[in-house]
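Asks: Quick one: the structure is below, questions incoming.
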Amino acid sequence: MKIRIIGFVILPVLMMSLSGCGTDEKFLAVDKKGKTVVDRFGQLQVNGTKLCTEAGKPIQLRGMSSHGLQWAGKYANEDVIGWLRDDWNIQVWRAAMYLTQGGYIENPVIKEKVINSIEAAIKLGIYVIVDWHVLSDKNPQVYQTKAIEFFTDIAQKYGSYPNIIYEICNEPNGKDVTWAGQIKPYAEAVIGAIRSVDPDNLIIVGTPNWSQDVDVAALDPIKGEKNIMYTLHFYAGTHGEELRKKAEKALDLGLPIFVTEWGTSDASGGGGVYLDKSKIWLSFLKKHQISWVNWSVTNKGEESGVLVYNADREGKGHWKETDLSESGRFIRQVLRNEIRIP
């Protein structure tokens, strides 16, 4: 049985700032009656290529990702996530737990930042992506046993809540790491472990080439499982029409896509902020009702980060305009429905 935190949240500031935008309430974190996104959408499910509500209505979730929790874990708390819900209007928060580079494999205490994120999201009534951040380790099978242990534990503790989304393989990469050889077998093993505990919550699978080759996964998708989606990652300064064509091909083949990470910069996190190219991508995602999470909540000074260098060093939220980077100001306006995306 799923546990649902039901309740009406009185948020006068949010109601004043967001209800006047004339937006469809499906894009609100908290609606005009004070009901949270999880109150309204409930248990997420996948129908065809669409992410849908418990009632079967297609939706597009929008939200923010943490940076690596070993560096930016100070933002994985109820104050910041609550601020992002109430002022930025996020519907989903992604807790990016790196495995190496000081991450979980080397420093298991990082898991507490994921737990903090989950518990804050449940209390705030938003969705939370638990991200197993494969990156420099390339091949997800390297830490497959650890992944099964981790996700089994998360599913046992929190799988009864409809808020939970499992992202089991962030960005597998490398010429020797293929869909058929490493990624799909890994995904089937981890999915099996999660489903033995949690039969319902959404699971998102990484795709080859830093989660860009969704068209490859679409030719050989995982069979016999419900509520599975596949991730597409892009950075507006680096990835354009060629990658959108890959996404369209995958959709045409019936592959459900969730963009669990995208940035306004180039793929390095720097190189400029590409707002016009970002708008093209956002229009594409809106057209296809593809949910997205923006990278990232950090003050390290990179252009994809939403905070300027050294802003909010304590992780308290309540950011002023001067705390926000160019990307941060843009993403906040998009999430608040103050910039029209055609």
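Asks: Residue under question is residue 177, and the condition is that it be open to solvent by 10 Å² or more (accessible area, probe 1.4 Å) and in contact (Cβ under 8 Å) with a residue 24 or more places away in the chain; does it hold?
Replies: yes
Asks: Here is a follow-up. Can we say residue 106 is part of a helix (DSSP H, G or I) and either open to solvent by 10 Å² or more (accessible area, probe 1.4 Å) or of a type in the set (Ser, Thr, Tyr) (or both)?
Replies: For residue 106, the condition - part of a helix (DSSP H, G or I) and either open to solvent by 10 Å² or more (accessible area, probe 1.4 Å) or of a type in the set (Ser, Thr, Tyr) (or both) - is not met.
Asks: Between 308, 297, which is farther than 30 Å from residue 254 by Cα and touching a helix residue (DSSP H, G or I) at 6+ places or on another chain (Cβ under 6 Å)?
Replies: 297
Asks: Okay, next question. Identify the residue in the stretch 252-297 that is of a type in the set (D, E, K, R) and farther than 24 Å from residue 337 by Cβ and, among all such residues, is most open to solvent (accessible area, probe 1.4 Å).
Replies: So, considering only residues that are of a type in the set (D, E, K, R) and farther than 24 Å from residue 337 by Cβ, the one most open to solvent (accessible area, probe 1.4 Å) is 252.
Asks: Residue by residue through the stretch 199-220, note down the ones that are more than 17 Å from the chain's Cα centre (by Cα) and either charged (D, E, K, R) or open to solvent by 30 Å² or more (accessible area, probe 1.4 Å) (or both).
Replies: 199, 200, 209, 213, 215, 216, 219, 220
Asks: Can you run down the residue pairs with Cβ atoms below 7 Å, 6 or more apart or on separate chains, where the first is in the stretch 162-174 and open to solvent by less than 10 Å² (accessible area, probe 1.4 Å) and the partner is at pLDDT 95 or above and basic (Lys, Arg)?
Replies: Note: pairs meeting the criteria are 172/138; 173/138.
Asks: Residues to consider are 204, 222; find the one that is within 20 Å of residue 165 (Cα to Cα) and either small (Gly, Ala, Ser) or out of contact with any helix residue (DSSP H, G or I) (no Cβ under 9 Å at 6 or more places or on another chain) (or both).
Replies: 204
Asks: Mind checking which helices (runs of 4 or more DSSP H) fall wholly inside the stretch 1-94 and carry at least 2 residues that are at pLDDT 95 or above?
Replies: Fully inside the stretch 1-94 and qualifying: 37-41, 69-72, 78-83.
Asks: Something else now. Somewhere in the stretch 141-156, is a residue surrounded by fewer than 20 Cβ atoms within 10 Å (Cβ to Cβ), in contact (Cβ under 8 Å) with a residue 40 or more places away in the chain, closer than 30 Å to residue 56 by Cβ and not aromatic (Phe, Trp, Tyr)?
Replies: Yes - at least one qualifying residue is present in the stretch 141-156.
Asks: All but one of (1) touching a residue at least 12 places away in the same chain (Cβ under 8 Å); (2) open to solvent by less than 10 Å² (accessible area, probe 1.4 Å) hold for residue 35; state the number of the condition that does not hold.
Replies: It fails just one condition, (2).
Asks: Consider the stretch 266-300. How many of its residues are polar (S, T, N, Q) and either over 26 Å from residue 321 (Cα atoms) or at pLDDT below 95 (or both)?
Replies: 3
Asks: Of all residues in the stretch 298-341, how many are closer than 22 Å to residue 31 by Cβ and open to solvent by 70 Å² or more (accessible area, probe 1.4 Å)?
Replies: Final tally of qualifying residues: 3.
The values are calculated or read from the model by the stated rules, or taken from the named source; none is laboratory data. In this text, all values refer to a predicted model and were calculated from it rather than measured experimentally. All Cβ positions, even for glycine, are placed from backbone atoms using ideal geometry, and neighbour counts span all protein chains on display. These accessible areas exclude ligands, DNA and RNA; they are computed on the full protein's heavy atoms, side chains included. Shrake-Rupley method; radii C 1.70, N 1.55, O 1.52, S 1.80 Å.
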